1. Arranged by the count of other C-beta atoms within 10 angstrom, fewest first, what order do 402, 53 take?
2. Under 13 Å from the Cβ of residue 178, count the other residues' Cβ atoms, weight Lys and Arg +1, Asp and Glu -1, and hand me the total.
3. Give, rounded to the nearest 20 debye, the magnitude of the charge dipole that the chain has about its Cα centre when Lys and Arg contribute +1 at Cβ and Asp and Glu contribute -1 at Cβ.
4. Taking the Cβ of residue 147 as the center, what net charge do the other residues with Cβ under 12 Å away carry, scoring Lys and Arg +1 and Asp and Glu -1?
5. For the range 252-402, what class follows from the C-alpha gyration tensor (a ≥ b ≥ c being the square roots of its eigenvalues): rounded when a/c is under 1.5, otherwise prolate if a/b is larger than b/c, else oblate?
6. Could you pull out every one of the aspartates and glutamates with an alpha carbon less than 20 Å from that of residue 114, ignoring same-chain neighbours closer than 8 positions?
7. Mind checking which of 385, 430, 345 is farthest towards the positive end of the chain's charge dipole, using Cβ charges of +1 (Lys, Arg) and -1 (Asp, Glu) about the Cα centre?
8. What ranking of 172, 388 emerges when the number of other C-beta atoms within 10 Å of each C-beta is taken as an exposure proxy, fewest first?
Amino acid sequence: MLFLRGMMPRLNLPVPVAVALLYILFVFPVMGMAYYELKSRRARARTPKGCRKLGLHDGHSNLHDEHEYSTDGRKPAQNTAKQDDTKSTPRIKALIAYPIKSCRGIEFNFTHFKDSGLAWDRRFCFAEYTADEKDDGEGHWDAKTLRNGTFSRLALVRPEIWIPNPTSPGYDKRLHSVKSDGVLLIFYPRDTSRLPPWTRLGIKLGLLESEEWFSIPLNPPPPQDSSTYPLEELRLFSIPTRATRYSTHVPASLAEFLGSKKPLGLFRVHSGHVRVAVGNAPSERELGYVPDKAFSDEYPLQMQSMGSLRDMHGRTKYAIPQLSVRRFRPNVVVERVRAYEEDAWKMIRFVSSDKGEGVDVHVCCRTVRCKLPNVDPDTGERHAVEPDKTLRGTRVIDAGGKGGCLGMMLVPSRPDFKISVGDEVRVVSTGEHFYKRT
């Protein structure tokens, strides 16, 4: 205050005004710069050296306007342009890969299909170890998904994919992140219930981290350590396969966050033990390649239309005010398709928006839904009945499946191609469907 009093005659300002001016000109800017530097340091600390991040980030999403669509699969602005064929053709609105089964997805403007799905889709999954009641003490690993009632919080686990970038500062071929072809960062909300009030305040103000995180190599680095990355049996929906277990990477805080009461493990698909899509899928002889499905339930790709989603929203809004397409975990979201028109598609063609090249895609069957979409992807909370109740009441339309249907399962005719948001979706043929359980 002595300093301010000395300044007052020269500035000719009352002390309260001078104090406010001091804060505006000096204190607040310094605090802002310190806050920005703090966030920048955090970001640098968790950025894998020599790598770049894949997918949309910084809050961008091609689904930001999903609630503006009507049941004809268009937004109001698109409805005024129906006479223009280029603006009425069905197109891909969004592309989503889910690196860890049942966890949050990553959106792409473009990506590649690799014979088991979109690049990096469902390559990892969490599992619990259950000891068998035998004298030898051996047990087994069971994959856990959003279907499991106690694992709804998987929806809040957020992965990031980082791959080597030779132009990135600090790139070096000797880096572990480069040798393993990249890094998967895994984030999950920090449990604040046991933290002191001042720590919770710091988190709310952004001064402290609101998320816990850890990293794993996208591929076990060579040479593979059989103890750190053992090949073990994994049961997915009670069906055994073999996969690589990341034995030392999962922190205890994640198991606590998920509510896991047993040992929690993280598994990666193994190229020597593929899970082949069967049921309604075309054969290897017909396709010319083996349609692998990584850790997906049944097929490499799942498609959802905005028109059908908005119709379902209208039926369930009494319970869920804003039904998001993300509840249904599609890989491909299409627009400009009337509600349930896709039910009869048998073959479609993805046509590149820039090159005009097309890839035929088999529409194998309808997606018979379980209760997984009852989980809110933003909160991890499970609704008691919806949308499962409405799906079972209005969409049991396939003689081969007992559940309600929403979306379609796909197998492309080629094992490797680029796919982009904005690509045309041309209907090649239509017909009847009969779901075959795999």
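1. If I rank by nearby Cβ atoms, fewest first, I get 402, 53.
2. On the way: positive: 49, 52, 173, 174, 179; negative: 172, 181.
Spelling it out: positives minus negatives among the neighbours equals +3.
3. 980
4. On the way: positive: 101, 144, 329, 369, 371, 382; negative: 142, 297, 388.
It works out to a net charge of +3.
5. On the way: a/c = 1.79, a/b = 1.11, b/c = 1.61.
Oblate shape, in that a/c is at least 1.5 and b/c is the bigger or equal ratio.
6. Leaving aside aspartates and glutamates fewer than 8 places away in the same chain, those within reach of residue 114 are 160, 181, 284, 286, 292, 297, 298, 357, 360, 416, 423, 424.
7. Highest projection toward the positive end goes to 385.
8. On the way: 172 13, 388 19.
With the sparsest Cβ surroundings first, the list reads 172, 388.
Here, each number is a calculation from the coordinates, and none is a lab measurement. This structure is a prediction, so every number in the text was calculated from the model and none was measured. Methodologically, a virtual Cβ is constructed for each residue, glycine included, from the backbone with ideal geometry; neighbour enumeration extends over all protein chains shown.
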